[in-house]
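Working notes, beginning with the structure itself.
The values are calculated or read from the model by the stated rules, or taken from the named source; none is laboratory data. Because the structure is a prediction, the values reported are computed rather than measured. Glycine gets a Cβ as well: all are built from the backbone with ideal geometry, and neighbour counts include every protein chain shown.
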Amino acid sequence: MINAYIKGTGSYAPKNIVKNDHFESIGSSDKWIYENLGIKERRISTGETTSDLAYKAAKVALTDAGLSPTDIDLIILATATPDRLAPSCACFVQEKLKATNAVAFDISAVCSGALFATSTGVQYIKTGMYKNVLVIGADTFSNITDWSRRDAVFFGDGAGALVLSSTTEDKGFIDFILRTDGTGKEHFTIPAGGSETPTSEDSIDKGEHYFQMNGSEVYKTAIDVIPKCIYEILKKNNRTIDEVKFLLPHQPSIKILQEVARRVNLPFEKVKTNMDRYANTSGGTIPIILDETLKNNKFENGDLLLFAAVGAGWTWGTALYKW
Ligand SMILES: CC(C)(COP(=O)(O)OP(=O)(O)OC[C@H]1O[C@@H](n2cnc3c(N)ncnc32)[C@H](O)[C@@H]1OP(=O)(O)O)[C@@H](O)C(=O)NCCC(=O)NCCS
């Protein structure tokens, strides 16, 4: 049977660091941000676009995989902050990489985007349609942030990439559980710039081109749906939480991850975090944490990785991966 495994990973974030004390003038503080969110600093683009970050992460992933851009059959880019509304940001990356044999498209599931994109890439490989799929999660939320509001503290810019390749060995992605509940769409949204509210002087005056977030709804939803989804994927695959080597979650806030770990009885040492350095890079979070985890740890055949994400929509999901 054909399966998809991770052949290489890469990540990239802008060099410009913005520390928490930057937000003191807008009523926040290093203490509050670190205690509640686990964030110390974030990288903010000074001109690099989402496709620039995606391209740089992808180059590292391709080198890590020992492949050249022309070996790639498909590029799937998860982003909520594409360079333009059209064409897709994946087309920009395909051109920059000179991945001339690759089909390319975007996936929009905000903070769950990289998980949804990975699951999509895995299906193309399992059906035998493609052999090498480049999955990228990249966002520059700095472009949709109102820097005069306190919720500017949450996000940073960054990108991660993974190369999925086909294998007949007993390794790779075991399963995905993906869920969507569109009744949650108002709790994290960018109201203007689409067909419902095209950009206008009025929408700009009202700041509707910036993201709007209901933090307490994000918190309540995340700590409810993620543990349930983790239990579901473990049960469905006859696995227990003790068998999981690491949880690689998207990085909303340290308190959400601590509560998720408590609810699923996972020691917090097994939960990988990097929001202290990057904040929440949305689509970038899971591939960045994956890249760091694979490059800084040793793995043995059979080790289990668990992925989890929740994002705007609502969208959420989990994945199980066997080394
Ligand atoms: C943001 C979060 C910590 C706020 O907590 P909350 O209890 O839901 O929200 P509240 O608005 O009642 O705020 C609680 C306190 O924090 C303060 N606060 C909220 N945002 C703040 C900020 N950015 N800086 C400093 N203080 C802040 C409030 O003033 C309030 O203080 P008070 O108790 O002295 O009045 C919490 O909702 C959360 O973690 N949500 C998840 C958000 C997230 O992960 N987003 C990214 C992924 S989409």
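Determine whether residue 245 is modelled with pLDDT of 95 or more, of a type in the set (Lys, Arg) and over 19 Å from the mean Cα position of the chain (by Cα). It is true that residue 245 is modelled with pLDDT of 95 or more, of a type in the set (Lys, Arg) and over 19 Å from the mean Cα position of the chain (by Cα).
Here's the yes/no breakdown for (1) crowded, with 19+ Cβ neighbours inside 10 Å; (2) in a helix (DSSP H, G or I):
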residue	(1), (2)
115	yes, yes
119	yes, yes
123	no, yes
129	no, no
148	no, no
152	yes, yes
159	yes, no
162	yes, no
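Restricting the search to the stretch 4-20, which residues are among the β-branched types (Val, Ile, Thr) and more than 17 Å from residue 275 (Cβ to Cβ)? 6, 9 - these are the residues of the stretch 4-20 that are among the β-branched types (Val, Ile, Thr) and more than 17 Å from residue 275 (Cβ to Cβ). Whenever a residue of the stretch 185-197 is in contact (Cβ under 8 Å) with a residue 12 or more places away in the chain and among the aliphatic types (A, V, I, L, M), its partners that are part of a loop (DSSP other than H, G, I, E, B) and within 13 Å of the ligand (Cβ to nearest atom), lying with C-beta atoms within less than 7 angstrom and at least six residues away or across chains, give the pairs 190/211.
With the condition kept exactly as written, say whether any residue in the stretch 171-184 is surrounded by 17 or more Cβ atoms within 10 Å (Cβ to Cβ), touching an Asp or Glu at 6+ places or on another chain (Cβ under 9 Å) and within 26 Å of residue 83 (Cβ to Cβ). No - not one qualifying residue is present in the stretch 171-184. Here is a list: 128, 156, 160. Which entry is under 30 Å from residue 206 (Cβ atoms) and in contact with a Ser or Thr (Cβ under 9 Å, 6 or more places away or on another chain)? Result: 156 is the single residue among 128, 156, 160 that is under 30 Å from residue 206 (Cβ atoms) and in contact with a Ser or Thr (Cβ under 9 Å, 6 or more places away or on another chain).
Whether a residue is of a type in the set (Val, Ile, Thr), more than 22 Å from residue 54 (Cβ to Cβ) and more than 15 Å from the ligand (Cβ to nearest atom) was assessed, and residue 254 does not pass this test.
Scan 273, 293, 285 and give me the residue that is under 19 Å from the mean Cα position of the chain (by Cα), assigned to a loop (DSSP other than H, G, I, E, B) and not acidic (Asp, Glu).
Numbers: 293 fails: assigned to a loop (DSSP other than H, G, I, E, B); 285 fails: assigned to a loop (DSSP other than H, G, I, E, B).
When all the criteria are applied, what remains is 273.
Checking each residue in the stretch 178-192 for being outside any loop (DSSP other than H, G, I, E, B), touching a strand residue (DSSP E or B) at 6+ places or on another chain (Cβ under 8 Å) and either farther than 16 Å from residue 319 by Cβ or not assigned by TED's automatic domain parsing to the domain that holds residue 208 (or both) picks out 188, 189. As a summary of the residue check, residue 265 satisfies the conditions (1) away from the ligand (no atom under 15 Å from the Cβ); (2) crowded, with 24+ Cβ neighbours inside 10 Å; (3) in a loop (DSSP other than H, G, I, E, B) except for the one numbered (2).
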